[in-house]
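Asks: One structure is given below, represented as structure tokens, and several questions about it will come after.
Nothing in this text is a laboratory measurement; each read-out follows from the coordinates by a stated rule. What you are looking at is a predicted structure, and each value in this text was computed from that prediction instead of being measured. For neighbour counting, all protein chains shown are included, and Cβ atoms are generated from backbone atoms with ideal geometry for every residue, glycine included.
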Amino acid sequence: MDSPAIDDLLRQLVPQVVGVLTRRFGDFAAAEDAVQEALLDAIAQWPAEGVPANPRGWLIQVAYRRMTEQVRNEQARRRREELVASQAPSEPRTAPPADDARARDRDDTLTTLFLCCHPALTPASAIALTLRSVGGLTTAEIARAFLVPEATMAQRISRAKQRIKASGIPFGMPAPQERARRLGSVLHVLYLIFNEGYASSAGPDLQRVELSREAIRLTRTAHDLLPDDREVAGLLALMLLTDARRPARTGADGTPIPLAEQDRSLWDGKAVAEGIALITDTLARGAVGPYQLQAAIAAVHDEAPTAEETDWPQILALYGLLERMSDNPMVSLNRTVAAAMAHGPATGLEMLGELEDRLSGHHRFHTARAHLLEMAGDLRAAVDDYRAAASRTTSAPERDYLTTRAARLSAADPPDRRA
């Protein structure tokens with residue numbers, strides 16, 4: 001088995017092994033640390049020695065030994081401090097079998113995901129902990145993905161685990177009513193991971209493919225474990241339909257290419273087909289949620305053979321439904337652009353005026369207004385907004401694109417023509 005295949009296998013097994021150790025020891029933070037050490041051993045040994053016949057059992061055994069060592073060290077420390085023996089965790093007398101029947105039948109991936117995305121954690125902490133404890137990424141990999149020092153990311157993960165430990169949150173699936181509330185946090189974290197991978201908020205690259213792929217993998221896992229949940233299916237469909245356009249989103253030099261100008265033959269047809277099948281099935285099964293609506297919008301875009309054939313009235317109607325579900329100004333901004341595409345730029349510009357107080361500081365507002373002003377033929381005003389957008393974005397490729405767009409429009413509308 002080659003290294004990429006080993007990496008995929010390890011990421012699949014990580015939350016299962018974390019779950020086994022957490023159930024046995026009752027300490028999520030220590031279990032997670034032990035599994036990370038076992039992963040390092042696997043990464044070092046398996047490529048050279050081969051993958052064990054029972055990789056899950058191998059990881060459990062190695063992580064178990066690490067946990068046992070931690071317990072012994074903790075007991076020794078407490079004895080040195082003359083604490084009573086009852087305060088120390090009891091040490092198991094024998095090692096567990098490599099993979100007993102109960103462990104083999106139980107997959108704790110979803111339970112671990114719920115724990116890492118607990119509402120008590122900030123989104124940033126939940127993202128970091130999810131990528132490490134469920135995604136199997138190392139702290140260094142997560143730090144590189146989010147462009148922060150490894151020490152900073154390590155502190156973020158450590159604080160998240162300490163908060164979970166201090167809260168006394170039991171390791172187990174929450175009750176049905178609580179699960180419904182917590183599932184919203186899980187989906188939100190997965191959505192944020194995907195968005196950061198698909199359109200990086202900062203740095204030299206427009207996309208961080210490893211993050212968007214990991215978000216899709218984790219959401220697919222959630223869908224496999226909760227096949228009847230329509231919003232999980234909707235989120236997976238949204239990711240697939242959006243990520244399908246990735247090969248056409250940038251030029252050879254990494255410059256962003258707007259949706260209307262993309263070569264649609266480069267889109268991933270297999271991902272489009274899977275996403276459309278998913279959203280078609282889930283929409284037919286009852287009430288819809290925001291992820292399903294966003295997936296439906298993405299499907300309308302992906303089904304259009306050309307940009308000119310896009311069904312903008314349908315997209316406008318879907319954004320109207322989505323806007324009524326949440327007071328999200330970005331949804332309103334997208335509805336405004338859809339209205340402009342369906343009814344003309346004047347309509348969109350009038351609607352934008354109602355959003356200016358809420359969004360004037362955001363680069364996407366100025367980008368949208370610049371685009372509509374360009375459609376309306378007001379190139380001078382469009383240049384000003386493209387420049388305003390460029391000054392507000394933290395993404396280097398996006399800033400370069402907006403600056404270039406402003407320069408081209410300025411050249412097309414020289415001062416002597418403005419007089």
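Asks: What Kirkwood hydrodynamic radius do you get for segment 270-364 when you take the inverse of the mean 1/r over all pairs of distinct Cα atoms, in Å?
Replies: 14.3
Asks: While we're on this one: Can you give me the relative contact order of segment 227-310 as a percent, contacts being Cα pairs under 8 Å and 6 or more apart?
Replies: 43
Asks: Follow-up. How far apart, in nm, are two points set 7 Å out from the Cα along the Cα-to-Cβ line at Arg179 and at Thr403?
Replies: Simple spin-label model gives 5.2 nm for this pair.
Asks: Also, I was wondering about something else. Hey, with R₀ at 60 Å, roughly what FRET efficiency would Glu261 and Ala53 work out to, going by the Cβ-Cβ distance, to 0.05?
Replies: With a Förster radius of 60 Å, E is 0.70.
Asks: Lys/Arg Cβ at +1, Asp/Glu Cβ at -1, dipole of the chain taken about the Cα centre: which of Ile169, Pro345, Ala145 is farthest positive-ward?
Replies: Ile169
Asks: A further question follows. Would you mind checking which residues have amide H under 5 Å from Thr250's amide H? H placed 1.01 Å from N; only 5 or more apart, or other chain.
Replies: Ile257
Asks: Now a separate question. Ordered by packing density, taken as the mean number of other Cβ atoms within 10 Å over each peptide's residues, highest first, how do 205-213, 176-184 rank?
Replies: Highest to lowest by the protection proxy: 205-213, 176-184.
Asks: While we're on this one: Taking a label point 7 Å from the Cα of Leu321 along the Cα→Cβ vector, which residues of segment 282-306 have an amide N closer than 11 Å to it?
Replies: In segment 282-306, the label zone of Leu321 (backbone N under 11 Å from the point 7 Å along Cα→Cβ) covers 283-297.
Asks: If only Cα atoms are counted, what is the Rg of segment 315-419, and what is its Dmax, in Å?
Replies: 14.3, 49
Asks: Please pull out the direction-averaged projected area of segment 149-291, using the convex hull of its alpha-carbon atoms, in nm² to one decimal place.
Replies: With every direction weighted equally, the projected area is 10.9 nm².
Asks: Taking segment 227-310 as the region of interest, what is the percent of Cα-Cα pairs per 5 angstrom bin, listed from the shortest bin to the one with the maximum distance?
Replies: All Cα pairs, binned at 5 Å, distribute as 3, 17, 26, 21, 16, 10, 5, 2, 0 percent.
Asks: Further, regarding this structure: Expressed as a whole number of Å, what is the distance separating the alpha-carbon centroids of segment 269-304 and segment 139-211?
Replies: Segment 139-211 and segment 269-304 have Cα centres separated by 25 Å.
Asks: Output ³J(HN,Hα) for segment 323-328: one whole-Hz value per residue in order, computed from phi by the Karplus curve 6.51 cos²θ - 1.76 cosθ + 1.60 with θ = phi - 60°, and x for Gly and Pro.
Replies: 5, 5, 7, 8, 8, 10
Asks: Per residue, what volume in Å³ does the Cα convex hull of the chain take up?
Replies: 175
Asks: Another one. Rounded to the nearest 20 Debye, what is the dipole magnitude of the chain about its Cα centre when Lys and Arg each give +1 and Asp and Glu each give -1 at the C-beta?
Replies: 1380
Asks: Among 258-268, 372-382, how do they line up by average Cβ neighbours within 10 Å per residue, starting with the highest?
Replies: Highest to lowest by the protection proxy: 372-382, 258-268.
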